[in-house]
Each structure stands twice: as C-alpha cells, then as structure tokens.
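The values are calculated or read from the model by the stated rules, or taken from the named source; none is laboratory data. This one's a predicted model, so the numbers in the text were calculated from it and none came from an experiment. When we count neighbours, we look across all protein chains shown, and the Cβ atoms used for this are built from the backbone with ideal geometry, even at glycine.
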Amino acid sequence: MSDTLTEEEMRAALFGPATVSPAEVPAPQKSIEAPPALAPNPQAGVRSAKPRPVAKAARSRGRLRVTLHVTKDFEGAVEVFTHDAETLSTLLAEQEARAAAKKRKFRYFELVSIVPV
C-alpha cells in the first residue's frame, strides 16, 4: 500500500465519500407561514387595585466563624480574634479573617478553629 494519499482520498477519509454532487442537491423550499392573528384580550391591561405583598425568602447562606489567636509582636500578648465569613469555603473564610486582622494591625496569626454558624 502506498504511503502517500491523493487529495481525493484524504477528503474521503476526513469527510466521508462524496456521493452527492452539488448539482443533485435539491433547493430548499421558501415557504413562510404567517403567524395567526392575535385577538385583543380585554383584561390584559387591567391590574388589581392592591399589589400582592412579595414574600421574602429566608436565605440560608453559609456562614463560617473563624477564630484566630493574633499578636502584634512576636511572642507578645495573644488575643482571640473572631471573624464571621459569608462563605462555605474554609480557605476563603480563613483568608478573609486574616485580612480583617491585618487591617487591625495584627502581624502574627494562628488558626484556632473554623466552625459553621
């Protein structure tokens, strides 16, 4: 068998055999149906006098409480720092808590716990 293929053999291998020539393809029919006429609805524009109250759904967002031991100096006085994060990811909750502690000028952190609230 030959290692070289002709262009027609490559096209047949990739796209399948070309059994239908462009002259044999039927032209698509151009029939467009008109949409049915819509009858006017007499009550479509009428609204009730009282709007219905919208019921607020109780959101059950995930909240995690992160507890850190923080200090401003190395081996200094340890303070307990808690942060509530509105996420289900413990990694993101820890990062948010560390960022909040950094804003309060703490430099050293030790993660104590992450618990759902």
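Observations on the structure shown:
- With respect to being modelled with pLDDT under 70 and not basic (Lys, Arg), residue 58 fits the description.
- One residue stands out among those in region 98-117 that are out of contact with any Asp or Glu (no Cβ under 9 Å at 6 or more places or on another chain) and without any contact (Cβ under 8 Å) to a residue 40 or more places away in the chain: the one that is farthest from residue 61 (Cα to Cα), which is 105.
- Test: residue in region 61-78 that is at positive phi, modelled with pLDDT of 65 or more and not β-branched (Val, Ile, Thr): yes
- The residues of region 93-117 that are part of a helix (DSSP H, G or I) and surrounded by fewer than 14 Cβ atoms within 10 Å (Cβ to Cβ), listed by number, are 99, 102, 103.
- Criterion violated by residue 40 - all others in (1) in a loop (DSSP other than H, G, I, E, B); (2) at pLDDT 95 or above satisfied: (2)
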